[in-house]
Structure formats: structure tokens, C-alpha cells
Amino acid sequence: MDDDELFSRASMIRGSQNFGRDQHVRKIAFMFLTKGPIPLAPLWEKFFRGHEGLYTIYVHHHPSYNDSVPKGSVFHGRRIPSKPVEWGRPSMIDAERRLLANALLDVSNERFVLLSETCIPIFNFTTVYNYLVNAKESFIGSYDDPRKVGRGRYNPKMLPAITISDWRKGSQWFEVHRKLAVEIISDTKYYRIFSEYCSPPCYMDEHYIPTLVNIRCPEQNSNRSITWVDWSKAGPHPGRFVKQDISDEFLDRIRFGENCTYNGNASSLCFLFARKFLPGTLQPFLQLAPTLLH
């Protein structure tokens, strides 16, 4: 299927709100958007082990990537048909929608998480699973940023469909429930406007989905991401972490260092994943896995 046919077919498979509950199977779709290999795959293998039937994995590689995945891996056979992706361009959103559409074809998938090859889980599978399947809202960073990197990227040519008060910014790394996933892949109106009027220094992956959700169904979103990143340093990209950065204390700051709201109640459990971790961090993470993932 080409993308239009895929999006059309996936948007019609809306599933039933009670399908998973009736069948005692409520799955989470873990969607990896990556150029090539997933260096931290051994950590994810430990995360998924023993929870078969409660998750599905989808991987969007660059089409030129040809390396094979061992048959015993949870990532074996999980690659979806892909196209080249360019940072900050509509092709990035195309890849995200492609992942969502493929995941929507499985009606037992109820929650959809977008991840990269530099992401790690910071809690065990049971904690992540219960947090997501019991959440009343989706987790998309979506906020009004008055600065040049926020409202300054708005193009008045988007009027009247998108006003400056509609405009939002947020993290690319989202988590959505099924209804919102269908909303994202079904949209043609706002996608067309963004494709035409949002190009660098306007980045679609930071504005399109946050703005779309703010316009269409803000009540379904928590307006926060569950993927932690370090923006303490100036620049267009978040901080990257190496082997020497990894410790119990470092992870605890990520896991319990902030306060948020979950299902209307105050909580210190705000993040389930974190990034950007370079390949060299794998070994210390594997050493910490018994504590990190129980």
C-alpha cells in the first residue's frame, strides 16, 4: 500500500473501545523511528522479556538500512515499509504517521508510543504498561511558547485555518490512545497547511501534532510528554549522554525528579522513557538492569 491507502485503511479500523478489555488483551504499540540499528536493543530485550502478548513493536528504518536482526530478537520481523526521513521536514511526520497507521491495523493495540534508537525505558514493563493502559489522556507536549522558537515560527499565511492562538509547540516523542492516533493519520487539512508553510526554522515535528491536537481535541491530551530529555544546554538538540554519565543517582533524578498530574491526581511518576543515550551507555545500563527493570 502507498501511504494514502495505508492511512485510509487504518483510519477505518477504529476498533472497539472495549475490544481489548473484553478479550483480556490490551496491547501497547512501541514504535521506533530510527535511521539504522537500535544499539540499546539488549536493554529493550530485557524490558520486554516475559510480557509477550501485551505489546507490539514497529520499526521504521531508513530504506537503505539492510542489516538483519537475529530471529530470537523481539525486533525480528518488526520492520515496516519505509521512506527516507529528513529532520525538520514533512517526511519526519510522514514516518510517524506511517508507524501509527501500521500499528492501528492491529485492533488490540490501545496505546501508541513513539521512540528513537537513543531512548531507554526507565521503569519495568509492568509499571509502564499499567501507567499507559489506565491513563485517561494521551501524553503529547503541547504548550504556547511566546519566544522566537515558539510563536516566532508561526506563519500568518496559515490563516484562517490556524491562528496564532491555536499555535503550539511540543516534544516530537509522544504517546497517544487509539482515538487520537486515528485523528492524526486521518488529518489532511492541517497537514497540507503545515507542509506548505512550516519549513526550517519552523519544524513540523515540534509543531504539527501539538497544534493539531490543540485544535481538534485538547481535552484528550495531558499537554506533557512521558519521554525525558535534557534541554539545559543551548542549541537545537537536547543533551546526549555517554557511559560515564550513567549511575543510580542520575537515573533517580530522571525517574522521580519532577511533579506532574496523572488522571487528575498529583504524581511524582512523570516520565517512563528517556533520551538521548549513546551506544556506549549500554553496558552500564545492563549492569543496572536488575534494579532498573526488576
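All distinct Cα pairs of the chain go into the 1/r average, and the inverse of that average, the Kirkwood radius, is 19.7 Å. With the simple spin-label model, which puts each label point 7 Å out from Cα in the Cβ direction, the S199 to K71 separation comes to 4.8 nm. By the Cα gyration tensor, the stretch 19-132 has an equivalent ellipsoid whose semi-axes, rounded to whole angstrom, run 23, 17, 13 from largest to smallest.
Divided by 2.2 N^0.38 Å, where N counts the residues, the Cα radius of gyration of the stretch 178-232 comes to 1.24. Summed over qualifying helices (DSSP H, 4 residues or more, each -39500 (n - 2.57)) and divided by its residue number, the chain shows a 222 nm mean residue ellipticity of -9500 deg cm²/dmol. Rounded to the nearest 20 debye, the dipole size of the stretch 241-294 about its Cα centre is 200 debye, using +1 on the Cβ of Lys and Arg and -1 on the Cβ of Asp and Glu.
The residues neighbouring G150, those whose beta-carbon lies less than 10 Å from its own, together hold a net charge of +3 under the Lys/Arg +1, Asp/Glu -1 convention. In summary, the convex hull built on the alpha carbon positions of the stretch 125-171 has an orientation-averaged projected area of 4.7 nm². Simple spin-label estimate for N155 and V107 gives 4.0 nm between the two label positions (7 Å along the Cα-to-Cβ direction from each Cα). For the chain, relative contact order (Cα pairs under 8 Å, six or more residues apart, normalised by length) works out to 22 percent. Measuring from each cysteine beta-carbon in the chain, the ones with no other cysteine beta-carbon under 4.7 angstrom are C119, C217.
Take the chain with all the other protein chains still there, run a 1.4 Å probe, and you get 47 Å² of accessible area per residue. Between S64 and R253, what length in nm is gained on full extension when 0.36 nm per residue of separation is reduced by their alpha carbon distance? Separation in residues times 0.36 nm, less the Cα-Cα distance, equals 64.2 nm. Modelled spin-label separation between K243 and A266, with each label point placed 7 Å from Cα along the Cα-to-Cβ direction: 4.2 nm.
Using all pairs of distinct alpha-carbon atoms, the Kirkwood hydrodynamic radius of the stretch 197-294 works out to 16.0 angstrom.
Quick note on the stretch 96-163: its Rg to Rh ratio, both from C-alpha atoms and Rh being the Kirkwood radius, is 1.08. Using the Cβ-Cβ distance between Q283 and W231 with R0 set to 30 Å, the FRET efficiency works out to roughly 0.70.
The values are calculated or read from the model by the stated rules, or taken from the named source; none is laboratory data. Please read these numbers as outputs of a predicted model, since none were measured by experiment. Methodologically, a virtual Cβ is constructed for each residue, glycine included, from the backbone with ideal geometry; neighbour enumeration extends over all protein chains shown. These area figures cover heavy atoms from the full protein model, side chains too; ligands, DNA and RNA do not enter into them. Shrake-Rupley method; radii C 1.70, N 1.55, O 1.52, S 1.80 Å.
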